[in-house]
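Down below is the structure, laid out as structure tokens.
The values are calculated or read from the model by the stated rules, or taken from the named source; none is laboratory data. Predicted model, so just to flag it, every value in this text is computed and none were measured. Note that we place each Cβ from the backbone using ideal geometry, even for glycine, and neighbour counts take in every protein chain shown. Calculation scope for accessible area: heavy atoms of the full protein, side chains included, ligands and nucleic acids excluded. Shrake-Rupley method; radii C 1.70, N 1.55, O 1.52, S 1.80 Å.
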Amino acid sequence: MNPDHVSSRPLVGEFLGSALLAAIVVGSGIMAQRLSPGDAGLQLLQNAFATALGLGVLIALFQPISGAHFNPVVTIADAVLGARRWREAGPYLLAQILGCIGGAVLANVMFDAPAVSWSTTARATSAHLIAEVVATAGLVLAIFVLARTGRASLAAPVVGAYIGAAYYFTASTSFANPAITIGRMFSDTFAGIAPTSTPAFILAQLVGGAVGLALAVWLTPQQRPAATVQRADLVQASPDR
């Protein structure tokens with residue numbers, strides 16, 4: 001086995017998981033708009049409910065294959081802790097971003113909308129950016145406290161529940177993910193974000209990720225030996241490595 005070789009299987013897992021996540025977020029937003037026109041509160045409830053359930057399923061499905069990050073902030077944090085090699089991080093980030101773009105385009109097409117329609121929803125207010133720092137910090141804190149205390153198997157229900165709740169307790173509705181933020185630019189629908197708002201959102205998410213990781217490390221200084229984010233090493237012996 002070549003130690004420098006990065007298996008294609010985890011990368012495909014990250015791409016598919018990210019694409020399905022974006023399709024769930026954007027698609028449920030479009031459906032919510034159509035089912036409940038004029039009722040933003042009900043639209044948000046439908047969007048949050050579908051995302052929370054779908055994210056839990058995707059994590060359970062892809063966690064043994066790729067670690068089920070679907071999020072550049074999580075991958076970067078994993079590399080900072082040494083649980084993932086930096087040479088793996090770049091391909092992971094690319095797979096996540098391309099997957100989220102593809103998933104948003106797929107959602108548009110499924111609902112007979114233009115494949116690409118740049119969002120016009122501006123979101124980069126100070127309140128939204130503070131909310132993104134909080135949302136991302138909480139997400140990273142939850143993931144890595146579970147991982148560092150040997151409870152990574154709980155990630156699917158915990159992360160799904162957290163994101164569902166964060167749709168409501170954050171002003172930004174908790175994007176908490178640079179890849180999904182980029183993907184949501186491609187759909188001028190309920191879940192979209194204007195390209196002009198995206199850089200500020202991503203910066204806020206990176207700051208939030210750093211805060212969340214610092215808190216996780218401080219709160220759990222004695223990492224259990226087997227407690228890391230479940231990752232591609234689980235399939236390290238697969239034939240294509």
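More than 26 Å from GLY38 (Cβ to Cβ) and either modelled with pLDDT of 95 or more or open to solvent by less than 10 Å² (accessible area, probe 1.4 Å) (or both) - does that describe any residue in the stretch 168-176? Before you say what the answer is, go through the steps one by one.
Quick first cut of the stretch 168-176, residues more than 26 Å from GLY38 (Cβ to Cβ) only: 176.
Narrowing further to those that are either modelled with pLDDT of 95 or more or open to solvent by less than 10 Å² (accessible area, probe 1.4 Å) (or both): 176.
Checking the stretch 168-176: at least one residue is more than 26 Å from GLY38 (Cβ to Cβ) and either modelled with pLDDT of 95 or more or open to solvent by less than 10 Å² (accessible area, probe 1.4 Å) (or both).
Against the conditions (1) part of a helix (DSSP H, G or I); (2) buried (at least 22 other Cβ atoms within 10 Å of the Cβ); (3) under 14 Å from the mean Cα position of the chain (by Cα), where does ALA161 fall short? Just the number, please. All conditions pass for ALA161, except number (2).
Would you confirm, using the coordinates I've provided, whether PHE169 is over 17 Å from VAL73 (Cα atoms) and without any contact (Cβ under 8 Å) to a residue 12 or more places away in the chain? So PHE169 fits the description; yes.
Residue count for the stretch 59-68, restricted to those that are of a type in the set (A, V, I, L, M, F, W, C), surrounded by 21 or more Cβ atoms within 10 Å (Cβ to Cβ) and on the phi < 0 side of the Ramachandran plot: 3. For the stretch 181-199, taking the residues that are open to solvent by 10 Å² or more (accessible area, probe 1.4 Å) and under 18 Å from ILE76 (Cβ atoms), the one that is farthest from the chain's Cα centre (by Cα) is identified as PRO199.
Find the residue count for the stretch 8-22, including only residues that are surrounded by 22 or more Cβ atoms within 10 Å (Cβ to Cβ) and over 12 Å from the mean Cα position of the chain (by Cα).
Selection size over the stretch 8-22: 2.
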